[in-house]
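See below for the structure under consideration.
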Amino acid sequence: MDIQQLKNFLILCETLNFRKAAEQINIVQPALSRQIQLLENETGALLFNRSKRTVTLTEAGAFFQKEANRILQDLQKTIIKTEQLHNGEAGEIRVTHSSSAMNTVVPSFLVKVKHQWPNIKTIAQETSNAQQIEMLLSRKTDIGVAPNIMLPPEVDAKILYKENFVLILPAKHPLSKKKFTDLSVLKNETFILPQLSTGIGYVEAILQMCQAYGFKPKVAHESAHSTGVLRLVEAGLGISIEPVSSVRGVNMDIKLIELKNLQQKAAMILFWLREREAELNRFIQLF
């Protein structure tokens, strides 16, 4: 049994006339009759009732017609999907990201992928800097996006943009924009930050900022995600420092002071395995 035999069988199902079907297929009638006999031998079933004047489908033939149609349709879908995969028009792209990246570059990237390759599945997962690196090295993700991340040598990267940090305070905190001079006024405050082990690079940047103003922040609570940090600040459990984009669109009972005069900036970094750059370049270029 081959594909052409199935196609010829389906044409006969439509015409229910061996002569017309043979003409449509462009073969002689005896050859079509032999093909149908071979199908019946292979399936072990009579597919057509034949008389001198009529040809009709048997119950088994009607079932085989339905299944043959499905098989050919599935085959065509498989051929199209295979070609799409070969041409990079199907499959999936996995992106890990920070909270602030989802407020800036990740949504527009996903829209561009959907527009350019509608059949590609996009998977976006928010996670910590440390887990992003772990997932990248184990190939559980394709591309990562995070601020001020420290990367191993086998990973390549580019800076997408730089932005200011923002000081996040409980709404009733006595410090105001007018009273704020520099980070040294925060030396007695309790901080809420990601764990040093999970916020690789990002937490170090904040610690260096504070140390430049003569103090090491006292960290009372740790949270890996911006939303958790903001909720803890809102509850009055401490203060924090985040990239400006982390608080974009946030409606919480908190106070924000943008650190415009601070030399250090939050650098949003796109990164990928260096050995996969050629494979991923078309996605990298969309950022």
| field | Meets criteria (over 17 Å from Q264 (Cβ atoms), within 29 Å of the chain's Cα centre (by Cα), modelled with pLDDT of 90 or more and surrounded by fewer than 16 Cβ atoms within 10 Å (Cβ to Cβ)) for K140 | value | yes
| query | Among V145, V155, which is the only one that is surrounded by 15 or more Cβ atoms within 10 Å (Cβ to Cβ), modelled with pLDDT of 95 or more and within 30 Å of L186 (Cα to Cα)? | reply | V145
| note | Within segment 236-257, restricting to residues that are touching a residue at least 40 places away in the same chain (Cβ under 8 Å) and in a loop (DSSP other than H, G, I, E, B), the one that is surrounded by the fewest Cβ atoms within 10 Å (Cβ to Cβ) is G249
| request: Take segment 152-168 and flag every residue that is in contact (Cβ under 8 Å) with a residue 60 or more places away in the chain and more than 19 Å from F287 (Cα to Cα). | output: E154, N164, F165, V166, L167, I168
| said: Please verify whether A205 is within 25 Å of the chain's Cα centre (by Cα), under 19 Å from Q131 (Cβ atoms), outside any strand (DSSP E or B) and among the hydrophobic types (A, V, I, L, M, F, W, C), treating the condition exactly as stated. | reply: no
| field | Every residue from segment 112-137 that is touching a residue at least 60 places away in the same chain (Cβ under 8 Å), touching a Ser or Thr at 6+ places or on another chain (Cβ under 8 Å) and open to solvent by 60 Å² or more (accessible area, probe 1.4 Å) | value | E126, Q131
| query | Taking segment 46-61 only, how many residues are out of contact with any Leu (no Cβ under 9 Å at 6 or more places or on another chain) and either among the aliphatic types (A, V, I, L, M) or within 13 Å of E14 (Cα to Cα) (or both)? | reply | 1
| field | Positions within segment 79-101 being part of a helix (DSSP H, G or I), surrounded by fewer than 19 Cβ atoms within 10 Å (Cβ to Cβ) and at pLDDT 85 or above, in sequence order | value | I79
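Report yes if F109 is crowded, with 16+ Cβ neighbours inside 10 Å and of a type in the set (F, W, Y), otherwise no.
yes
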| request: Check whether at least one residue in segment 214-223 is closer than 24 Å to V106 by Cβ, buried (at least 19 other Cβ atoms within 10 Å of the Cβ) and within 28 Å of the chain's Cα centre (by Cα), and report yes or no. | output: yes
| task | Within segment 61-71, identify whether any single residue is crowded, with 17+ Cβ neighbours inside 10 Å and either in contact with a strand residue (DSSP E or B) (Cβ under 7 Å, 6 or more places away or on another chain) or under 30 Å from A157 (Cβ atoms) (or both), and answer yes or no. | result | yes
| Do the conditions hold for D142, that is, is it in contact with a strand residue (DSSP E or B) (Cβ under 6 Å, 6 or more places away or on another chain), more than 24 Å from V250 (Cα to Cα) and not small (G, A, S)? | yes
| query | In segment 177-194, which residues are open to solvent by less than 80 Å² (accessible area, probe 1.4 Å) and either acidic (D, E) or in contact (Cβ under 8 Å) with a residue 24 or more places away in the chain (or both)? | reply | F180, D182, L183, S184, L186, E189, T190, F191, I192, L193, P194
| message | Filter segment 25-51 down to the residues that are in contact with a helix residue (DSSP H, G or I) (Cβ under 7 Å, 6 or more places away or on another chain), loosely packed, with under 15 Cβ neighbours inside 10 Å and closer than 13 Å to G61 by Cβ and list them by number. | response | T43, A45, L46
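The values are calculated or read from the model by the stated rules, or taken from the named source; none is laboratory data. Predicted model, so just to flag it, every value in this text is computed and none were measured. Here Cβ is always computed from backbone atoms with ideal geometry, including for glycine, and neighbour counts include all displayed protein chains. Ligands, DNA and RNA are stripped out before the accessible areas are found, and what is left, the full protein with its side chains, is counted by its heavy atoms. Shrake-Rupley method; radii C 1.70, N 1.55, O 1.52, S 1.80 Å.
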